[in-house]
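Everything below concerns the one structure shown next.
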Amino acid sequence: MFRTLRLKLTLINILIMGFLLLLFVTGTYFLMEHQIFTQSERLMRNIALAIESESAEKLSQYEKTEYFYVITNAAGDITQTFSNNTRSDLKELPELVHKIFAKGKDRGDFDWHDRSYTFLKVPHKQGPGFLVIFLSIERDMEVLSFLLAALSIAGILCLALAFYSSLFLADKALIPIRKSWQRQRDFVADASHELRTPLAVMQTNLELVMGNPNETVADQEIWLKNVQTEISHMTRLVEDLLLLARIDSEQQLLELSRFSLDQAIYDVIKPIIPMAETKGIKLRLEIEPQVEFNGDEKRIKQLVVILIDNAIKHTPAGGEVALKMANRGSSVEITVSDTGEGIEPEHLEKIFERFYRIDKARSKSGTGLGLSIADWIVKSHHGSIKVKSSPGKGTTFLVMLQNRPPL
């Protein structure tokens, strides 16, 4: 698929470049041709003026110019002939002049004896008849031929360079597409895997329940609770997947408002305190009071829950989780640290990827999407999130949020 797309992008680019080069070559050629014929006509008119003035001094200016002329009567019969460095046989001039008069044109160009000429016919001022001047444009045509050849060669070289450049640019343009495609495939594969596990657990437990139809609900409570747990897990996973899908489609997901950040943090921490105490974990809070923040209150609360929940899950009994929030003028700093198992350095750059979970943590509950969502929440608020960790020494997440004034 990508090879075909790469070839299509390259061919489209080559076609566009070829069309533009064709316009340039033809435009340059015809412009130069027009310029040459305009100059030739101007030269013939100057020669005609010099002839009519019968000034030898004026005619001497054109000694090196290859031209000849004839003077005719009103019927087109030649009455006088003059040649200046012409290589043509003037005996054939009557036939040539009759052809020119038959066409009825006052100027034009023609080939005669394998050479290129242009002519100008003007009324003869000294009597009834015409003055017809013939000017050799052989050198001009050679210049045009050379120009056309040079432009054609340059165009071919440019097309060759454009072809390889297009291949290179197509490869560069396809890099994010390949990454996005691979990311989508990984996302679908991981989502399928995450959904398959709770579905299998639910199916197994329901089969156990249905295999004992004579038992009461109380007797089957353990299996039903397992089903309930997996349903809760699937509900959270589906909600996270829907949120990420909306993020990928670049929908407007933020509802900005001015709210008390310290109060919002307390609101989400209260339900978590009993969970931490049950695990024997001390939850320490250092929250600066009366901090007004402009952002999405719901998403900021979600961010705090994700970080605190992640810290508690990876902290053993007897450990400590600390949450700090401080106003830094134009920004707000939120720090969540724990004394848990820590993270190896090779995992630090990947923990914000979707479905990424360290191997030893896969047995723990979670979808592998929390930190990815947290990263999006921070970036959507024009902030940054960093992590510091050492194996066996705990982990610290540092969040800096821009506290922008309300619109």
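The values are calculated or read from the model by the stated rules, or taken from the named source; none is laboratory data. Model, not experiment: these values are computed from the prediction. Don't worry about glycine lacking a Cβ; one is built from the backbone with ideal geometry, like all the others, and counts go over all protein chains shown. Surface areas here come from the heavy atoms of the whole protein model, side chains and all, with no ligands, DNA or RNA. Shrake-Rupley method; radii C 1.70, N 1.55, O 1.52, S 1.80 Å.
Of everything in segment 312-321, what is in a helix (DSSP H, G or I) and either modelled with pLDDT under 90 or farther than 10 Å from ALA276 by Cα (or both)? Give them in sequence order. Give the derivation first.
Let us first name the residues in segment 312-321 that are in a helix (DSSP H, G or I), namely 312-313.
If the condition is that a residue be in a helix (DSSP H, G or I) and either modelled with pLDDT under 90 or farther than 10 Å from ALA276 by Cα (or both), then LYS313 is the only one that fits.
Considering ALA264, ALA173, ALA200, ALA160, which residue is in contact (Cβ under 8 Å) with a residue 60 or more places away in the chain and part of a helix (DSSP H, G or I)? Let's see the steps before the verdict.
Values: ALA264 fails: in contact (Cβ under 8 Å) with a residue 60 or more places away in the chain; ALA200 fails: in contact (Cβ under 8 Å) with a residue 60 or more places away in the chain; ALA160 fails: in contact (Cβ under 8 Å) with a residue 60 or more places away in the chain.
The match here is ALA173.
Where residues in segment 275-300 are among the basic types (Lys, Arg) and over 26 Å from GLU341 (Cα atoms), which of them is least open to solvent (accessible area, probe 1.4 Å)?
The residue in question is ARG299.
Residue under question is LYS125, and the condition is that it be open to solvent by 90 Å² or more (accessible area, probe 1.4 Å), in a loop (DSSP other than H, G, I, E, B) and within 28 Å of GLN35 (Cα to Cα); does it hold?
No, not satisfied.
Answer yes or no: is there a residue in segment 49-64 that is over 30 Å from PHE168 (Cα atoms), touching a strand residue (DSSP E or B) at 6+ places or on another chain (Cβ under 7 Å) and at pLDDT 85 or above.
Scanning segment 49-64 turns up at least one residue that is over 30 Å from PHE168 (Cα atoms), touching a strand residue (DSSP E or B) at 6+ places or on another chain (Cβ under 7 Å) and at pLDDT 85 or above.
Does any residue in segment 368-384 that is touching a residue at least 24 places away in the same chain (Cβ under 8 Å) come within less than 8 Å, Cβ to Cβ, of a residue that is open to solvent by 10 Å² or more (accessible area, probe 1.4 Å) and of a type in the set (Lys, Arg) six or more places away or on a different chain, and which pairs are these?
Within 8 Å, the pairs are GLY368/ARG354; GLY368/ARG357; LEU369/ARG354; SER372/ARG354; ILE377/ARG299; SER380/ARG299; HIS381/ARG299.
Please verify whether segment 132-140 includes one or more residues that are out of contact with any Phe, Trp or Tyr (no Cβ under 9 Å at 6 or more places or on another chain), assigned to a helix (DSSP H, G or I) and either open to solvent by less than 80 Å² (accessible area, probe 1.4 Å) or under 30 Å from ILE47 (Cβ atoms) (or both).
Among the residues of segment 132-140, at least one is out of contact with any Phe, Trp or Tyr (no Cβ under 9 Å at 6 or more places or on another chain), assigned to a helix (DSSP H, G or I) and either open to solvent by less than 80 Å² (accessible area, probe 1.4 Å) or under 30 Å from ILE47 (Cβ atoms) (or both), which makes the answer yes.
When you scan segment 33-61, how many residues do you find that are over 16 Å from VAL132 (Cβ atoms), of a type outside the set (Val, Ile, Thr) and either touching an Asp or Glu at 6+ places or on another chain (Cβ under 8 Å) or not in a loop (DSSP other than H, G, I, E, B) (or both)? Even if it seems obvious, please write down each step before you answer.
Here is the first cut: in segment 33-61, the ones over 16 Å from VAL132 (Cβ atoms) are 33-39, 42, 53-61.
Cutting the leftovers down to of a type outside the set (Val, Ile, Thr) gives us 33-35, 37, 39, 42, 53-61.
Applying the additional criterion that residues be either touching an Asp or Glu at 6+ places or on another chain (Cβ under 8 Å) or not in a loop (DSSP other than H, G, I, E, B) (or both) yields 33-35, 37, 39, 42, 53, 56-61.
So the count comes out to 13.
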